[in-house]
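What follows is a short report on a single structure.
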Amino acid sequence: MIWNREMETLGRASLARLQRERLADLVARVHGRVPFYRKKLEAAGIKPAAVKDLADITGLPFTGKDELRETYPYGLLAVEPGKIVEIHTSSGTTGKPVVDAYTQSDVDLWSEVMARTLAMVGATAGDVIQNAYGYGLFTGGLGVHYGARRIGANVIPISGGNTARQIAILRDFGSTILACTPSYSLYLAEVGREEGMDFSKLPLRAGVFGAEPWSENMRKEIEEKLRLKAIDIYGLTEIIGPGVASECERQDMLHVFEDHFYPEIIDPASGRVLGDGEKGELIITTLTKEGTPLLRYRTRDVTFLDRTPCACGRTSVRMHRIIGRTDDMLIIRGVNVFPSEVEHVLLHVEGVEPHYQIVVERRDKLDCLEVRVEMTDALFSDEVKTLEAKEREIEAKLRSALLVHARVKLVEPKSIPRSEGKAKRIVDRRQL
Ligand code: DLL
């Protein structure tokens, strides 16, 4: 189901015209109202009137996460403070949080793109959406909430955590759509199964999962265990929250809502713009946001773009699911390793669960990678010899996929901490 047929199926030429007008307006707005951007544009020798074509975007300066921190909390406001109606921030685990300040029109825009997202799994007023993303400063909870309200669905704002209650609500309230992180959905499946819940008997039919990296194999596992259709939804606080891009029912890459969020891919080292299909850092320009608009924001997320038409009829560019982060990429003895690659290997191995942790240490000046993986109950009751053979088997598979050696340690079922929000996959002890 397409929520906004006019905008989501707009011809490419009309879309480009709209983007061009919106870009020119954006540059004029930030130049006129945000001293931080005026200085940046002037330093780059750019006059707003000179931005006429969409291609002119490549001459505009980037905005980095550190700059958002330096202007904390209100340095990037492009409207009078009185026009702000809501604030969200990132969790700020690595320094000052980044702030997104919304005007009423930004909240309306957010509701629109999240309605588009939920409609990707056919959400209508008849659906019951169990929203297990955290409510609060995190954007997941309220983002899904606003989209559900726009559609007129029944939204259950349970927020993250309280797993026993989540299970009770799934069972008693007839939830048809589940919204949470993919790792938490697997945890719900695990706890539900322990309580004797038969997911095939529930009205649950779809899940909108995101906020952390996951893989195609993890999707299969979630779909089998929870008996639903799982789609990948993407976004980030700085841009709007969830609602930047979403898979459609074909589950074949994420449609970017590019009438509002203009995507580019660059080589993170040189800043050079890359072509379609080339892997690099995703850059987003907020074409219509009023409160805290951003020019060419460096997301640090790695993906690539694809402009071939999708069979669903939407005309937007699609992005591949996030492959990794430029700052989460581990460099182990000179080789780039993304946690997603480790996950991909593990999901192809019999006898282990997709619960794992990657531990990096420095021993004698050498980086050592250890992957801790949970065994299934069946494997756990096996002989030590079998376990050791399994560890060697995984080590060999990891070696051929990553091109570096990783020690594998099988750990007891349920011994890796579960997360109610984003899973913590990497323990990097090198900085200590
Ligand atoms: O995680 C917004 C969100 C909420 C998206 C609910 C989807 C669902 P932040 O906390 O600011 O915002 O984290 C943003 O999370 O730069 C990515 O690295 C990662 N991320 C978000 N969605 C996905 C996804 C929310 N579908 C950061 N796949 C982003 C992989 C994702 N990574």
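The values are calculated or read from the model by the stated rules, or taken from the named source; none is laboratory data. Keep in mind that what you see is a predicted model, and the values were worked out from it rather than measured. Every residue, glycine as well, gets a Cβ built from its backbone with ideal geometry; the counts of neighbours run over all protein chains shown.
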Fill in the blank from the handout: Being surrounded by 18 or more Cβ atoms within 10 Å (Cβ to Cβ), basic (Lys, Arg), out of contact with any Lys or Arg (no Cβ under 6 Å at 6 or more places or on another chain) and not in a loop (DSSP other than H, G, I, E, B) narrows Arg38, Arg29, Arg20 down to just Arg20
Handout entry: Subset of segment 68-101 (residues that are at pLDDT 95 or above, of a type in the set (Asp, Glu) and more than 14 Å from the ligand (Cβ to nearest atom))
Key = Glu80, Glu86
Exercise for the section: Return yes when Asp232 is of a type in the set (D, E, K, R) and within 8 Å of the ligand (Cβ to nearest atom) and no when it is not. Expected result: yes
Exercise for the section: Within segment 272-290, identify whether any single residue is within 13 Å of the ligand (Cβ to nearest atom) and modelled with pLDDT under 95, and answer yes or no. Expected result: no
Handout entry: Single residue of segment 241-255 satisfying the filter (under 10 Å from Val121 (Cβ atoms) and in contact with a Cys (Cβ under 9 Å, 6 or more places away or on another chain)) that is surrounded by the most Cβ atoms within 10 Å (Cβ to Cβ)
Key = Cys248
Problem - Answer from Thr376, Thr303, Thr326, Thr315 - the residue that is under 25 Å from the mean Cα position of the chain (by Cα), among the polar types (S, T, N, Q) and farther than 30 Å from Ala78 by Cα - result: Thr315
Handout entry: Meets criteria (over 15 Å from Pro213 (Cα atoms) and part of a helix (DSSP H, G or I)) for Leu410
Key = no
Practice task
State which residue pairs qualify: first residue at positive phi and inside segment 333-362, second residue surrounded by fewer than 16 Cβ atoms within 10 Å (Cβ to Cβ) and in a strand (DSSP E or B) in any location, beta carbons under 8 Å apart, and separation of 6 or more residues or different chains.
Solution key: Arg333/Leu366
Handout entry: Near pairs, Cβ below 7 angstrom, 6+ apart or cross-chain, from segment 1-25 (more than 15 Å from Tyr262 (Cα to Cα)) to any residue that is part of a helix (DSSP H, G or I) and among the small types (Gly, Ala, Ser)
Key = Met1/Ala119; Ile2/Ala119; Trp3/Ala115; Trp3/Ala119
Completion exercise
Within segment 317-354, the count of residues that are within 16 Å of the ligand (Cβ to nearest atom) and either of a type in the set (A, V, I, L, M) or over 25 Å from Ile416 (Cβ atoms) (or both) comes to 10
Practice task
Could you identify the single residue in Glu238, Glu212 that is at pLDDT below 95 and either crowded, with 19+ Cβ neighbours inside 10 Å or within 16 Å of the ligand (Cβ to nearest atom) (or both)?
Solution key: Glu212
Completion exercise
Across segment 64-84, the tally of residues that are surrounded by fewer than 13 Cβ atoms within 10 Å (Cβ to Cβ) and in a helix (DSSP H, G or I) stands at 4
Handout entry: Among the residues listed as Leu178, Leu137, the single one being surrounded by fewer than 18 Cβ atoms within 10 Å (Cβ to Cβ) and within 15 Å of the ligand (Cβ to nearest atom)
Key = Leu137
Fill in the blank from the handout: Leu188 vs (1) in contact (Cβ under 8 Å) with a residue 60 or more places away in the chain; (2) within 21 Å of the chain's Cα centre (by Cα); (3) surrounded by 20 or more Cβ atoms within 10 Å (Cβ to Cβ); (4) away from the ligand (no atom under 15 Å from the Cβ): all pass except (1)
